[in-house]
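> My structure is below; once you've seen it, I'll send some questions.
The values are calculated or read from the model by the stated rules, or taken from the named source; none is laboratory data. The shown structure was predicted, so the numbers you read here are calculated from the model rather than taken from an experiment. Don't worry about glycine lacking a Cβ; one is built from the backbone with ideal geometry, like all the others, and counts go over all protein chains shown. Note: areas computed on protein heavy atoms with side chains; ligands, DNA, RNA excluded. Shrake-Rupley method; radii C 1.70, N 1.55, O 1.52, S 1.80 Å.
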Amino acid sequence: MADDEQDDQKEYRWETGYEKTWEAIKEDDDGLLDGAIAEIIQKAKRKRQADKTKQNRLGMMRHMFIVLDCSESMSVPDLKPTRLLCTLKLLEIFIEEFFDQNPISQLGIIALKAKRAEKITELTGTSRVHLKALAGLANVSLTSEPSLQNGLDLALKTLKVVPSHASREIVIIMGSLTTCDPVDINLTIDELKRERIRCSVISLSAEIHICRYLTQQTMGTFGAVLDDAHYRDQLLSQVDPPPAAKTQDNSLIRMGFPHSKNEVEGKDAPLSMCMCHIENIDEPSELSTTGHHCPQCNSKYCELPVECQCCGLTLVSAPHLARSYHHLFPVPNFEEMPYESVPPAAPDCGSLRKCYGCIKVLSPVTDKSVFKCGYCKQFFCIDCDIFVHETLHACVGCNTIPGVAGLVYQKQGGKAASKAAGNMQQQQQQHQQQQAQMQLPSTSKQRSQFNM
């Protein structure tokens, strides 16, 4: 018993026993580690998919700042061609995917240069602005070391004024092992915790204590990349909306669905300028007859979604809302099963075991685990399983086999109805308890009269 207590008190790696930690990553037949790293990535994806179904209350309107390290450490060529160029290329993919999955959210970029923080782009919902800014960062001079605190303070000033019903996040891409801060960074971390701003860190070098502490205090995530494929997976994991904070306010948000004016009383619409480019020097507005008109003030915009500059109304389209809310109703996780559980095809087809999604012939070597949908009972390979849950957001078998889709919606509707009935019953019980407490006497004199 004493030895067990001593082992529990050991918190540091050098205080524990001898462990062969390198045996967790094994080489393949060609002496490469690509297979082991791919297996780590797939296990992380499966874990994220399992966590999605545990939390249905998500922050749908997201306001995120990406804090990018532009110090001397980003010139290291361990990620080809350099850390900075690899990061910029992956950020382009991330921005496109972020606005595709979160069309009513906003994004901003902050660069850490020479112990200072510079805001590259403001919070905006237009991906074109961020992609153009990233192209300009490719030629930036990488000198000195970063200041993590200055970057957090700059993002904090903007996110402070964001409405409380929106999700506020900071994603930090850190290449340096050090940070040069003007004062104690713990003061900034405490303020971020009070403001309930979620901070996540992706380290390109190694685990850093202050970054790990920052993510723990603000309920964020921390990850250290292994290679460019793992880096891409770590970055794209920030696309899905995080669980909403318990103190996050619920409120109704006014949104407008713009209309297009192609004809006015049988004539062509007049030439006009859009509000989104009217003050843009680089891309000035041009006269055109097409555009999206705000239903409240009739201002014209060339793309959606956008916040009206005249009346402040959020302008969206129906597909934008549909893409935003599919996170609330994720596809149920498929059941992981061994390869032998897949039934073979008919003899005239070669008696092969195939994936229902991509029709790939399953192999007992590379496809040791297959995944079965609980509704349509079809089997999928791991690539199709990840594609269905992360990109398609709909089961292929349930939507192609006649009658299965209706069964799925009926079961989901029955679960929702039973949950709503349970919530209503709980509210009625709470209401009856409040009424009973209101009827009880409060003062001692009233209690004595009540007892008599």
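> If the Cβ limit is 7 Å and pairs must be 6+ apart or interchain, which residue in region 164-191 that is over 13 Å from Phe65 (Cα atoms) and not assigned by TED's automatic domain parsing to the domain that holds Leu85 pairs with which residue that is assigned to a helix (DSSP H, G or I) and at pLDDT 95 or above?
Sorted first by the residue in region 164-191, then by its partner, the list stays empty.
> Considering Lys80, Lys89, Lys43, Lys47, which residue is modelled with pLDDT of 85 or more, part of a helix (DSSP H, G or I) and not hydrophobic (A, V, I, L, M, F, W, C)?
Lys89
> Here is a follow-up. Inside region 296-316, can you point out the residues that are under 31 Å from the mean Cα position of the chain (by Cα) and open to solvent by 30 Å² or more (accessible area, probe 1.4 Å)?
Once the filter is applied, which keeps residues that are under 31 Å from the mean Cα position of the chain (by Cα) and open to solvent by 30 Å² or more (accessible area, probe 1.4 Å), region 296-316 yields Cys302, Glu303, Leu304, Val306, Glu307, Gln309, Cys310, Cys311, Gly312, Thr314.
> Among all residue pairs at least 6 apart or on different chains, which show Cβ distances below 7 Å where the first residue, located in region 120-140, is small (Gly, Ala, Ser) and the second is part of a loop (DSSP other than H, G, I, E, B)?
Cβ pairs passing all conditions: Gly125/Ser105; Gly125/Pro305.
> Among (1) open to solvent by 10 Å² or more (accessible area, probe 1.4 Å); (2) over 18 Å from Ile210 (Cβ atoms), which single condition is Ala117 missing?
Result: Ala117 fails condition (2) only.
> Continuing with this model, one more query. Of all residues in region 361-393, count the ones that are part of a loop (DSSP other than H, G, I, E, B) and open to solvent by less than 70 Å² (accessible area, probe 1.4 Å). Full working, then the answer.
Residues of region 361-393 that are part of a loop (DSSP other than H, G, I, E, B), as a first pass: 362-368, 373-378, 381, 393.
The next check asks that each one be open to solvent by less than 70 Å² (accessible area, probe 1.4 Å); those that pass are 362-363, 367, 373-376, 378, 381, 393.
Counting residues in region 361-393 that are part of a loop (DSSP other than H, G, I, E, B) and open to solvent by less than 70 Å² (accessible area, probe 1.4 Å) gives 10.
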